[in-house]
1. In this structure, is Ser17 touching a helix residue (DSSP H, G or I) at 6+ places or on another chain (Cβ under 8 Å), among the polar types (S, T, N, Q) and open to solvent by 40 Å² or more (accessible area, probe 1.4 Å)?
2. Tell me, which residue of the range 21-39 that is within 25 Å of Lys64 (Cα to Cα) and of a type in the set (Val, Ile, Thr) is surrounded by the most Cβ atoms within 10 Å (Cβ to Cβ)?
3. Of the conditions (1) open to solvent by less than 40 Å² (accessible area, probe 1.4 Å); (2) touching a helix residue (DSSP H, G or I) at 6+ places or on another chain (Cβ under 7 Å), Val48 satisfies every one except a single condition; which number is it?
4. Does Arg71 satisfy the condition of being touching a residue at least 60 places away in the same chain (Cβ under 8 Å), within 17 Å of Tyr32 (Cα to Cα) and in contact with an Asp or Glu (Cβ under 9 Å, 6 or more places away or on another chain)?
5. Any residue that is of a type outside the set (A, V, I, L, M), open to solvent by less than 50 Å² (accessible area, probe 1.4 Å), part of a strand (DSSP E or B) and in contact with a Leu (Cβ under 8 Å, 6 or more places away or on another chain) - is there at least one of those in the range 1-8?
6. Just to verify a result, which residue in the range 84-113, among those that are assigned to a loop (DSSP other than H, G, I, E, B) and open to solvent by less than 60 Å² (accessible area, probe 1.4 Å), is farthest from Arg3 (Cα to Cα)?
Amino acid sequence: QVRLVESGGGLVQPGGSMRLSCAASGAIFRVYTMAWYRQAPGNQRELVAHIDSVGRTYYVDSVKGRFTISRDNAKNTVDLQMNNLKPEDTAVYYCNRRPAVGGYWGQGTQVTVSS
């Protein structure tokens, strides 16, 4: 059974930084493309970034140049470094495979960007 646990969220001021981490268990993690998604209040869940098994990355335009996704296959973790955060980055952040697998969604971690 696959389990994904997100951590690292909280409250940060605009312009600040935060690092999220996702710990995966129960699957052959290293072969999968992994992604971070987010869901703001009243909005649908959206893709933020993904990283494939060999480290190639993709970012949506709204976070390009500010966010960095990385993975450690030995530790079965995927991280999201977020810099120059903006109020519109406020959301619950989730990790999952790309494409997402419905049964893999975890609780997510809340990120709030506010002064």
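The values are calculated or read from the model by the stated rules, or taken from the named source; none is laboratory data. Just so you know, these numbers come straight off a predicted model, no measurement behind them. So basically every Cβ, Gly included, is an ideal-geometry build from the backbone, and we count neighbours across all protein chains shown. Each accessible area value is taken on the protein alone, full model and side chains, heavy atoms only, with ligands, DNA and RNA left out. Shrake-Rupley method; radii C 1.70, N 1.55, O 1.52, S 1.80 Å.
1. Working: touching a helix residue (DSSP H, G or I) at 6+ places or on another chain (Cβ under 8 Å): no; among the polar types (S, T, N, Q): yes; open to solvent by 40 Å² or more (accessible area, probe 1.4 Å): yes.
Answer is no for this residue.
2. Thr33
3. (2)
4. Working: touching a residue at least 60 places away in the same chain (Cβ under 8 Å): no; within 17 Å of Tyr32 (Cα to Cα): yes; in contact with an Asp or Glu (Cβ under 9 Å, 6 or more places away or on another chain): yes.
No.
5. Filtering the range 1-8 down to residues of a type outside the set (A, V, I, L, M) leaves 1, 3, 6-8.
Checking the rest, the ones that are also open to solvent by less than 50 Å² (accessible area, probe 1.4 Å) come to 6, 8.
Now drop any that are not part of a strand (DSSP E or B), which leaves 6.
Checking the rest, the ones that are also in contact with a Leu (Cβ under 8 Å, 6 or more places away or on another chain) come to 6.
Yes: the range 1-8 contains one or more residues that are of a type outside the set (A, V, I, L, M), open to solvent by less than 50 Å² (accessible area, probe 1.4 Å), part of a strand (DSSP E or B) and in contact with a Leu (Cβ under 8 Å, 6 or more places away or on another chain).
6. Initially, the range 84-113 is screened for residues assigned to a loop (DSSP other than H, G, I, E, B), giving 84-86, 90, 98-101, 105-108.
Next cut, open to solvent by less than 60 Å² (accessible area, probe 1.4 Å) only: 85, 90, 100-101, 106, 108.
Numbers: Leu85: 28, Thr90: 24, Ala100: 13, Val101: 11, Gly106: 7, Gly108: 12 Å.
Restricting to residues being assigned to a loop (DSSP other than H, G, I, E, B) and open to solvent by less than 60 Å² (accessible area, probe 1.4 Å), the top hit is Leu85.
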